[in-house]
1. Report, by residue number, each residue of segment 20-53 that is touching a helix residue (DSSP H, G or I) at 6+ places or on another chain (Cβ under 7 Å) and within 16 Å of ligand 2 (Cβ to nearest atom).
2. Being surrounded by 13 or more Cβ atoms within 10 Å (Cβ to Cβ) and touching a residue at least 40 places away in the same chain (Cβ under 8 Å) is the filter; apply it to segment 340-362 and report the residue that is farthest from D41 (Cα to Cα).
3. In this structure, is S6 open to solvent by 50 Å² or more (accessible area, probe 1.4 Å) and not in a helix (DSSP H, G or I)?
4. In segment 104-133, how many are more than 15 Å from ligand 1 (Cβ to nearest atom), open to solvent by 30 Å² or more (accessible area, probe 1.4 Å) and free of Cβ contacts under 8 Å to residues at least 12 places away in the same chain?
5. Taking the conditions exactly as written (outside the structural domain of E246 (by TED's automatic domain parsing), loosely packed, with under 12 Cβ neighbours inside 10 Å and in contact with a helix residue (DSSP H, G or I) (Cβ under 6 Å, 6 or more places away or on another chain)), does I317 satisfy them or not?
6. Return the total of residues in segment 230-289 being touching a Phe, Trp or Tyr at 6+ places or on another chain (Cβ under 6 Å) and within 14 Å of M318 (Cβ to Cβ).
7. Condition first: surrounded by fewer than 19 Cβ atoms within 10 Å (Cβ to Cβ), without any contact (Cβ under 8 Å) to a residue 24 or more places away in the chain and part of a helix (DSSP H, G or I). Can you find one or more residues in segment 424-436 that meet it?
Amino acid sequence: MNEAASNRVMIFDTTLRDGEQAPGCSMTQREKLRVAAALRDLKVDVIEAGFAAASPGDFDSVQAIAAEIEGPVVCSLARCHPGDIERAWSAVQGARRPRIHVFIATSEIHRTYKLQMAKEEIIRRAVESVKLARSLCADVEFSAEDASRTEPGYLADVVAAVIEAGASTINVPDTLGYTVPDEYFSLFRHLKEHVAGIDRVTLSVHCHNDLGMAVANSLAAVSAGARQVECTINGIGERAGNCSLEEIVMALKTRSGHFQVETGIDTRRLYPTSRLVSSITGMHVPRNKAVVGENAFAHESGIHQDGMLKHASTYEIMRPEDVGISRSNLVLGKHSGRHAFRERVQQLGFNLGEEELNRAFAEFKKLADRKKEMFDADIEAIIMSGDSDGTGPWQLEELHITAGTGTIAAGAVRMKHADGRIVNEAAVGDGPVEAAFKALERATGVVLELQNFELRSVTTGEDAQGEVTVTVDHGGRSYRGLGVSTDIVQAGALAYLDVINRVCRRAGAPERDAARPAGRIASV
Ligand code: KIV
Ligand code: ZN
């Protein structure tokens with residue numbers, strides 16, 4: 001489809017490919033499927049589901065998304081190698097609307113140092129690859145990696161050749177986040193003016209955020225005629241990340257009079273999707289992040305509050321409800337019923353099955369007994385804390401901690417296994433959290449190497465819930481766990497237990513790990 005002359009900008013989401021490449025952002029297949037379903041509900045045009053040739057796990061995830069997600073185009077990345085392209089096709093061929101996305105670097109720096117290939121050889125390889133991809137799939141995208149640092153004349157030759165070979169989308173990435181808006185605008189104009197056949201294809205923009213200009217550069221490309229924007233939820237991605245989907249979409253919507261284009265995004269799903277990706281990846285959204293940050297619609301100064309009371313447009317250019325944030329943050333209480341809870345969950349953008357809803361409602365009731373006020377963020381945290389790849393086999397029945405200044409912390413746990421075993425164990429540690437972690441390890445036989453521990457408050461107030469995210473290593477594999485509770489030691493223990501259960505559920509996991517070396521853990 002040629003979108004070049006139209007006013008419709010296609011949104012190509014690469015959260016599951018470029019976003020997942022960010023350190024600590026890797027996702028399980030089930031998590032990827034959940035994100036892909038949220039992207040479908042957000043109404044993105046294209047989901048880049050992964051890089052099928054990268055690993056068997058990546059292949060399986062792309063294949064599962066292709067099979068299950070209806071609506072958007074589902075695409076896999078491939079280098080300009082026949083093996084990669086064939087693997088990409090095997091993974092996406094089950095999709096209703098499959099796409100193969102091939103790329104090769106074109107800049108002088110990459111040609112000389114990375115590829116050690118001459119200009120002509122790169123064109124030849126690009127053309128052969130697009131032709132092979134086209135022999136398998138009707139929808140082929142070509143990316144000239146590091147395009148923004150490529151000589152414009154040579155880039156135009158590459159682009160003309162791959163259009164001739166059958167590519168229908170041409171992506172011009174700013175791979176290093178190096179360009180600036182007017183320079184990038186000129187590069188797109190150059191291609192539009194000098195490449196034969198450019199009006200037959202969709203020009204695409206793909207920006208990284210190394211200098212903080214990914215969104216601004218993408219907007220400049222749209223002004224110059226790009227009609228596909230590649231972006232990620234919350235801007236996650238390599239190094240400083242990619243162009244943020246929610247920011248570019250709201251910039252195009254809020255300033256539609258200026259840009260004269262539109263997207264097909266259901267903007268009310270932006271906030272729930274952002275929360276979902278943040279919870280799954282453990283990458284928290286900064287409070288002051290544009291569009292979806294906690295403070296994006298908060299007005300603190302008296303002058304602003306006064307203006308807002310007189311008319312919201314005085315200090316608000318977007319309405320929170322347009323991005324899926326509820327104005328009445330204070331929602332339900334301990335007397336609220338299941339029906340009201342279900343409604344609120346749906347308003348927050350979650351589509352839970354009956355079983356998930358029952359679990360969340362039971363947790364909600366327990367929490368509402370302990371907390372004065374329940375906020376949307378509390379409900380989201382409850383939903384997210386239950387969003388692991390299945391549950392169990394271990395359940396924490398009781399946790400006792402003794403700690404104080406100048407004393408050794410001690411932790412005792414009572415654990416129940418799905419096979420009916422009850423295990424009581426205790427351990428000491430430098431602090432209450434460490435004591436709890438060690439008691440869990442002793443009880444379950446799973447020994448983890450903690451790499452990162454993050455605690456944040458889900459809402460404000462003294463009785464706010466604490467959300468703990470842990471990143472740990474087990475057998476050379478990295479895992480992430482999440483726990484939420486009004487008691488922060490318990491939140492930590494639940495996050496650790498989340499990982500222990502993930503390890504136990506992995507096929508081939510040993511029954512018990514070797515115990516920690518003596519001295520690192522002590523019985524009480
Ligand atoms: O940044 C980049 O150049 C990429 C390409 C592979 C599209 O991610
Ligand atoms: Zn990229």
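1. C25, I47, E48, A49, G50, F51
2. Among those that are surrounded by 13 or more Cβ atoms within 10 Å (Cβ to Cβ) and touching a residue at least 40 places away in the same chain (Cβ under 8 Å), it is L348.
3. Here the answer is no, as S6 does not meet what is asked.
4. Number of matching residues: 7.
5. yes
6. 1
7. Taking every residue of segment 424-436 in turn, none turns out to be surrounded by fewer than 19 Cβ atoms within 10 Å (Cβ to Cβ), without any contact (Cβ under 8 Å) to a residue 24 or more places away in the chain and part of a helix (DSSP H, G or I).
Conditions (1) outside any loop (DSSP other than H, G, I, E, B); (2) open to solvent by 70 Å² or more (accessible area, probe 1.4 Å); (3) in contact with a strand residue (DSSP E or B) (Cβ under 8 Å, 6 or more places away or on another chain), marked per residue:
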{"position": "R287", "(1), (2), (3)": "no, yes, no"}
{"position": "Q305", "(1), (2), (3)": "yes, yes, no"}
{"position": "M308", "(1), (2), (3)": "yes, no, no"}
{"position": "S313", "(1), (2), (3)": "yes, yes, no"}
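The values are calculated or read from the model by the stated rules, or taken from the named source; none is laboratory data. Since this is a predicted model, take the numbers as computed values, not measurements. Counting neighbours? That spans all protein chains shown, and the Cβs are built from the backbone with ideal geometry, glycine included. The accessibility values were calculated without ligands, DNA or RNA, using every heavy atom of the protein model including side chains. Shrake-Rupley method; radii C 1.70, N 1.55, O 1.52, S 1.80 Å.
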